[in-house]
Amino acid sequence: MSSTEPKRIFISCAPGLEPYLARECFQIGINLPKSTERYARDASFHGPDEEKGGIEFNGFDRHIYLCNLYLRTASRVIVRLGEFNAVSFAELRRKASRLEWQEVLKPSQDVVIKVTCHKSKLIHSDAVAERIRGAIEDHFAQTIKNTKEENKQIILVRLVNDQCTISIDSSGELLHRRGYRQAVAKAPLRETLAAGLLLASGWDAQSPLVDPFCGSGTIPIEAALMTRHIAPSLARRFAFMDWSGYQPDLFKTLLDDARKKITPNSAMLYGSDRDRGAIEMATANAARTDVNRDIRFECHAFSDMPSFDTPGWIVTNPPYGVRVSPTKDLRDLYAAFGRMYRERFQGWKLAILCSDTALITALDLGTPTQSLSLNNGGLPVKFSIFNP
């Protein structure tokens, strides 16, 4: 797995966001295999089960760096170290020791080994992790550290039908942790999912965008990053920076290029919430990524929304009674929001995330133009898009 040879790279994302992740990959110059290209052309396409939750391609160190830096919907970028059949622990350790660990690990480097086993003779994940650790020690002929997970190199081991796939995480912290959201309101939306909602809504990154239930501001902040062409992970650190084969000069060049691409804001961005504490959080979060001057945050109920000169998009994640106000019947709120939208936002597109179809029905807007099945923090949700 030298820097001159192509690597198998897998980019994970929330299930349902694969088409938008594929489009992002094309935009940064990633050549995807033909079986995956359809994701970028057809959002309704669903690939085979093994492709759900991510996409895979062959690439080089440059592509690993680019994916971590630029992809807004990616959760993690991992690199396949090797794949082989193993039906005994001795075979597992022997074959794993032959992998090119020296390309990514330094001798005695702290690692965390995560194992999943399915339909294989080797079913005990702790025992598998012990053998992989031993294989790395065999490779370097010295002991490696047994460490906690925080900020350490993650090794991913997957055993399915006796086929073992060993991968190394290049991202470190999950990529939704951009670094700006240190304050969160109730039921926060992950940054990667917020970016996915914006892409799925069809927002053009120039028209007005409004979030009347903005909470800690994730949707407007992700919109500001998009309209200004700010790479989402520009200010964070990655696990690949500790790899033995890390190319700092190459990554510095990519960082410099990313900074040169930043432009002034070209869209009216507005976020509101009736919770004053949430608006304070949103303002602080926006300031951390230097887009606070690009977003107008205000504290009021959605019924007090101001008027806007030009139609645009409403993209929002209102409460839906699972983690926020679980005992409260929210149908009246949705009915009132639907009336407000019909009466005051004619010509605007509406994209709304919700877990309850009864609440979407309460909007009284008819059948959505598009509906996307997603997952928000382990909860199945629907992203419904209404075009006027």
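The values are calculated or read from the model by the stated rules, or taken from the named source; none is laboratory data. What you see is a predicted model; the values in this text were computed from it and never measured. Cβ sites come from the backbone with ideal geometry, for glycine too, and all protein chains shown count toward neighbours. Protein only, heavy atoms only, side chains kept; ligands, DNA and RNA dropped before computing areas. Shrake-Rupley method; radii C 1.70, N 1.55, O 1.52, S 1.80 Å.
Descriptive notes on the structure:
- Some residue of segment 85-100 being in contact (Cβ under 8 Å) with a residue 12 or more places away in the chain, surrounded by 21 or more Cβ atoms within 10 Å (Cβ to Cβ) and part of a helix (DSSP H, G or I): yes
- Counting only residues that are surrounded by 22 or more Cβ atoms within 10 Å (Cβ to Cβ) and farther than 14 Å from Ala223 by Cα, segment 255-291 holds 5 of them.
- Residues of segment 84-117 that turn out to be closer than 14 Å to Ile166 by Cα and under 26 Å from the mean Cα position of the chain (by Cα), as a count: 9
- Residue pairs whose Cβ atoms lie under 7 Å apart, separated by 6 or more positions or on different chains, with the first residue in segment 234-254 and surrounded by fewer than 15 Cβ atoms within 10 Å (Cβ to Cβ) and the second among the aromatic types (Phe, Trp, Tyr), are Leu250/Tyr65.
- When residues in segment 329-344 are screened for being free of Cβ contacts under 8 Å to residues at least 60 places away in the same chain and either open to solvent by 40 Å² or more (accessible area, probe 1.4 Å) or under 22 Å from Ala194 (Cβ atoms) (or both), 11 of them pass.
- Hits in segment 190-225 (condition: over 26 Å from Gly54 (Cβ atoms) and assigned to a helix (DSSP H, G or I)): Pro220, Ala224
Condition check ((1) free of Cβ contacts under 8 Å to residues at least 40 places away in the same chain; (2) in contact with a Gly (Cβ under 9 Å, 6 or more places away or on another chain)) across all residues:
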position: Asp309; (1), (2): yes, no
position: Asn317; (1), (2): no, yes
position: Leu359; (1), (2): yes, yes
position: Leu379; (1), (2): no, no
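- Residues of segment 170-226 that turn out to be open to solvent by 20 Å² or more (accessible area, probe 1.4 Å) and hydroxyl-bearing (Ser, Thr, Tyr), as a count: 1
- Residues that are in a helix (DSSP H, G or I) and crowded, with 17+ Cβ neighbours inside 10 Å were ranked within segment 101-128; the one that is modelled with the lowest pLDDT is Glu103.
- Of all residues making up segment 143-169, the number that are within 28 Å of Asn58 (Cα to Cα), open to solvent by 50 Å² or more (accessible area, probe 1.4 Å), at pLDDT 75 or above and part of a loop (DSSP other than H, G, I, E, B): 2
- Subset tally (residues that are over 21 Å from Thr289 (Cα atoms) and touching a strand residue (DSSP E or B) at 6+ places or on another chain (Cβ under 6 Å)) for segment 219-260: 1
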